[in-house]
Amino acid sequence: MQLYNLDTKITDRSYQILDSHIKEQKELDNIRIGEIRVKCRDILEKNGIFEDRKNGIVYQNMENELKKLEENISYFNGLNLEELTRNKIDTGIENITVKLDSLEQNSDFSYLSDEYTVNRAYTENNIRNYLFNYFDNYKANTVDLLIKGGYSQNTIDNIENDILEYVTSKNSDILTEKFTQDGIKNMNSLNDSLEELSNSIIKEAEVRFNCQVNGTVYDELKEKRKVVMQKAKKLEDLMYQINSLESKANEISGSAI
C-alpha cells in the first residue's frame with residue numbers, strides 16, 4: 001500500500017483552507033468590534049466627553065481595550081479552527097489508508113467520520129466573559145481618567161451607569177449571540193470545506209491506485225480538467241432547466257391574458 005504523498009497533500013491543503021477561514025474570522029471579529037466602538041463612543045459623547053485634545057487619552061484607552069478584546073476573541077476562535085483542522089487531517093489520512101487497504105483487498109470501503117459538533121454553550125460562555133472583561137476594564141479605566149481630568153462626579157456616575165446598563169441589557173446578549181454565531185458559522189464552513197477536500201483526496205487515491213495497477217501514469221491535470229468539465233455540464237443542465245421553467249411561466253402568463 002502506498003499513500004502517494006497524499007498524506008502531505010491533504011495536510012498542506014487543509015492548512016491553506018484553515019488560513020483562509022482564520023482570515024475570514026478576523027474580518028468578522030473586526031466588524032463586531034466596530035459595533036462595540038460605536039456604542040462606547042456614543043456613551044462618551046452623550047455625556048459630553050468628545051474626542052479632543054483633552055479627552056484623547058480616554059478614546060485611546062478605549063481603542064487599547066478594544067484591541068485586546070479583538071485579539072482574545074480571534075485567538076479563541078483560531079484555536080477552535082486549528083483543533084478542528086488537526087482532527088480532520090488525522091481522520092483524512094486514516095480514510096486514505098482505509099481506502100487503499102479496501103482497494104488492495106477488494107473489500108468494501110467504510111468512510112470514517114469524526115462526527116464534528118460545535119459546543120455552543122462553551123463558545124458562548126467564553127465570548128460573554130471576554131465582553132464582560134472588556135466593559136469592566138473600559139469602565140474602570142475611563143472613570144479613572146475622568147477623575148484625573150477633573151470631571152464632575154455626576155458625569156462620571158452617568159457614564160458608569162450607561163456602561164452597566166448596556167452590559168446587563170438585552171443588547172449585550174444580542175452582541176454575544178452575534179460573536180458566537182459568527183464563530184459557529186465559520187467553524188461549520190471550515191468543516192464542510194475539509195470534508196470536501198477529504199472526499200476529493202480519497203477519489204484521487206483510488207485513481208492513483210488504478211493507474212498503478214494498470215501500469216499507467218497518473219495525470220493530475222487530466223483529472224482536474226475532468227472535474228471542471230463535469231461542473232460545466234451540471235451548470236449547463238441547470239441553465240437549461242431554468243430556461244425551461246421561464247418559458248413555461250411565460251406560456252402560462254400569456255394564456256392567462
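The values are calculated or read from the model by the stated rules, or taken from the named source; none is laboratory data. Nothing here was measured: the structure is a model prediction, and the numbers come from that model. Glycine also receives a Cβ, built like all others from the backbone with ideal geometry; neighbour counts cover every protein chain displayed. These area figures cover heavy atoms from the full protein model, side chains too; ligands, DNA and RNA do not enter into them. Shrake-Rupley method; radii C 1.70, N 1.55, O 1.52, S 1.80 Å.
Here the dipole of segment 1-157 is about 820 debye; that uses its Cα centre as origin and unit charges on the Cβ of Lys and Arg (positive) and Asp and Glu (negative). Which of the lysines could a cross-linker bridge to Lys233, judged by Cα under 23 Å and excluding same-chain residues fewer than eight apart? Excluding near neighbours in sequence, the set is Lys203, Lys222, Lys224, Lys248.
In the Gaussian network model of the chain, springs joining C-alpha atoms below 10 Å, which of Asn188, Asn30, Asn106 carries the largest mean-square fluctuation? Its mean-square fluctuation being the largest, the pick is Asn106.
Ignoring ligands, DNA and RNA, what percent of the 1.4 Å accessible area of the chain is carbon and sulfur? Here it works out to 49 percent. Here segment 106-148 and segment 1-73 have alpha carbon centers that stand 13 Å from each other. Heavy-atom accessible area, probed at 1.4 angstrom with all protein chains present, ranks Glu24, Glu220 as Glu24, Glu220, highest first. Remark: for residue pairs Lys88/Lys234; Lys99/Lys234; Lys26/Lys54; Lys178/Lys234; Lys88/Lys170; Lys23/Lys178, the C-alpha separation exceeds 25 Å in Lys88/Lys234; Lys99/Lys234; Lys26/Lys54; Lys178/Lys234; Lys88/Lys170. With Cβ to Cβ distances under 12 Å as the rule, what net charge do the other residues near Ile156 carry (K, R +1; D, E -1)? Charge balance near Ile156 sits at -2. Taking all pairs of distinct Cα atoms, average 1/r, flip it, and tell me the Kirkwood hydrodynamic radius of the chain in Å to one decimal place. Every distinct Cα pair counted, the radius reaches 23.1 Å.
Segment 156-179 and segment 193-223 have Cα centres spaced 54 Å apart.
Across Asp162, Asp192, Asp108, the residue with the most accessible area heads the list, and the full order at a 1.4 Å probe is Asp108, Asp192, Asp162.
For the chain, the solvent-accessible area of protein heavy atoms averages 61 Å² per residue (probe radius 1.4 Å; ligands and nucleic acids excluded).
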